[in-house]
Amino acid sequence: MIMNDEVYDAYREAGALARKVLHRGAGLVKEGAGILEMVEETEAMVTDEGAILAFPLNVSLNEAAAHDTAMPGDERMFAAGDLVKVDLGVQVDGYIADTALTVDLGDHAKLVEASRAALEAAIAIVRPGITTGEIGAVIQATIEEHNYKPVANLTGHGLDRYDLHSAPTIPNIAMSGGAVIEEGMVFAIEPFATTGSGRVTEAARVEIYQQIAARPARLPSATRLPSAKRVLETARPRRGLPFSRRWVPGDKVDIGLMNLVRSGILHPFPVLHDVPGSFVSQAEHTLVVTADGCEVTTR
């Protein structure tokens, strides 16, 4: 990717919008508030600012770490004791800002601080010439200093134009070597700290999908289903960025989604969670690597 002034300005604009909306949206997370209402109101803030969501607002509770969002007709409400991860992505002309924070409705302040401190410690060492393994080592050490575990199988990721998960991958644990950080790279660092096992697994529920192919490799009739056509009408303008099941109008949406996944057109993102009864916190910023450090676009 060529980092000219126009591209740089788009990343910075996306970051400023994401920062503002994330904090306004997080302020809606209150005991007794509806999850669907909070998600829809926050997503609308992005549109009202003249920008576009890079992915559906992620709102993941307690042991859930990522990829959860409101369901169609969702009746869930935030409750006392919940630990709520709010993860927002904004894109301006395809250039993405990805940022997250954790809202504590219980007594999880130390766990929230573990992921936040790990993020700040990681950002502090970013400069050209270091490796992604070094970043992971700092994240792991900081979380363990707080007496929690990092989530080993979740990572930060590069952010390219209309590409939410490009190189480099930023581990949350120490690794030997890894990619060498270069000036002009854009990526998100997102430490997850947990009271659980330190690894997430896939739940059965899927709310978020991504179009990965234009035509099916199998089941040529899949795209002729009315529900599948509506799904693709929702997905295509996204240019490969994720979308929510909730965004697709009409009925029998799950049938259309299932057929498109089976045909290889869509990729599902199941909710990711640690063991039941555990709690996971998250913190995330997007940054651009500069000649002598980095600029955090979402701070």
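Brief remarks on what is shown
- With both labels modelled 7 Å from their Cα along Cα-to-Cβ, the ASP93 to LYS229 distance reads 3.6 nm.
- The stretch between ASP163 and ALA213, if pulled fully straight at 0.36 nm per residue, gains 16.6 nm over its current Cα-Cα span.
- The range 206-271, accessible surface, carbon-and-sulfur percent (1.4 angstrom probe): 55 percent
- Rough spin-label spacing in nm, given labels placed 7 Å along Cα→Cβ, for GLU295 and GLU6: 1.7 nm
- Note on the chain: lysine pairs with Cα distance below 29 Å, sequence gap of 8 or more or different chains, count 10.
- The length gained on full extension between ASP48 and MET71, counted as 0.36 nm times the residue separation minus their Cα-Cα distance, comes to 6.1 nm.
- With a 1.4 Å probe rolled over the protein heavy atoms of all chains, the accessible area of ARG161, ARG245 falls in the order ARG161, ARG245, largest first.
- Between SER176 and GLU41, the C-beta separation translates, for a Förster distance of 45 Å, into a calculated FRET efficiency of about 0.50.
- One entry in (i) 0.93; (ii) 0.96; (iii) 1.05 is Rg/Rh (Cα atoms, Kirkwood Rh) calculated from the shown coordinates; its label is (ii).
- With a Förster radius of 30 Å applied to the C-beta separation of ARG239 and ASN147, the computed FRET efficiency comes to 0.10.
- Extension reserve of the ARG262-THR131 stretch, reckoned as 0.36 nm per residue once the Cα distance is removed: 43.4 nm
The values are calculated or read from the model by the stated rules, or taken from the named source; none is laboratory data. It should be emphasised that the depicted structure is a prediction, and the values quoted were computed from it without experimental measurement. Counting neighbours? That spans all protein chains shown, and the Cβs are built from the backbone with ideal geometry, glycine included. Calculation scope for accessible area: heavy atoms of the full protein, side chains included, ligands and nucleic acids excluded. Shrake-Rupley method; radii C 1.70, N 1.55, O 1.52, S 1.80 Å.
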